[in-house]
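Peer 1: Please see the structure below; I have some questions.
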Amino acid sequence: MNANIKELHETLLGQHLALSEKLGNETNADNARAILVEMEEILHRISIAQGLLFRQSSAALSKSIERIREADTELTSAIASAGKAADYVKAAGDFLKFVDKTLDLAKTLAV
């Protein structure tokens, strides 16, 4: 199993859970819909990561995971402190930008 993709998968699961918890405390319908959209986006990446768990690794993939760790910290902070949906939607978008690059890289690696 590719340790980098496993870490990415676990990170995505954690962020999905964090958004789910945020949703449980949300009283504004527009904010709730925004959270649900981001949860769907993350869930899609979880599915992709699951399909890539047994791909080979590379130095570039390891470096990419380091940047995801940073973006994960930023998203965790945004989810915890966001007062409006736009705050965590932007943070989630930034996080997913790095996730997508990593997933694309993993797709190119031989089985």
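Laboratory data are not the source of any read-out in this text; all were calculated from the coordinates shown. No experiment lies behind these values; they were computed from the predicted model shown. For neighbour counting, all protein chains shown are included, and Cβ atoms are generated from backbone atoms with ideal geometry for every residue, glycine included.
Peer 1: Just one of (i) 27, 13, 10; (ii) 41, 30, 14; (iii) 42, 15, 10 is semi-axes √(5λ) of the Cα gyration tensor in Å as worked out from the coordinates here. Which one is it?
Peer 2: Only one listed value fits the structure, namely (i).
Peer 1: What pairs in Lys6/Lys84; Lys22/Lys101; Lys63/Lys90 have C-alpha atoms more than 28 Å from each other?
Peer 2: The pairs that break the limit, which is 28 Å between Cα atoms, are Lys6/Lys84.
Peer 1: Another one. Taking the beta-carbon count within 10 Å as an exposure proxy, list Phe95, Phe54 from fewest neighbours to most.
Peer 2: Phe54, Phe95
Peer 1: Using only helices, what value at 222 nm comes out for the chain when you add -39,500 (n - 2.57) per DSSP H run of length 4 or more and divide by the total residues, to the nearest 500 deg cm²/dmol?
Peer 2: So the helix-based figure for the chain works out to -29000 deg cm²/dmol.
Peer 1: Taking the beta-carbon count within 10 Å as an exposure proxy, list Met1, Met39 from fewest neighbours to most.
Peer 2: Met1, Met39
Peer 1: Charges only on Cβ, +1 for Lys and Arg, -1 for Asp and Glu: so what's the dipole of segment 3-108 about the Cα centre, in debye to the nearest 20?
Peer 2: With only Lys, Arg, Asp and Glu charged at Cβ, the dipole is about 340 debye.
Peer 1: Which is farthest toward the positive dipole end of the chain among Leu109, Leu96, Ala86, measuring Cα position about the Cα centre, with Cβ charges +1 (Lys, Arg) and -1 (Asp, Glu)?
Peer 2: Sorting the options by dipole projection puts first Leu109.
Peer 1: Here's another thing I want to ask about it. Most exposed first by the Cβ proxy, i.e. fewest other Cβ within 10 Å, how do Thr102, Thr73 rank?
Peer 2: Ordered by Cβ neighbours within 10 Å, fewest first: Thr73, Thr102.
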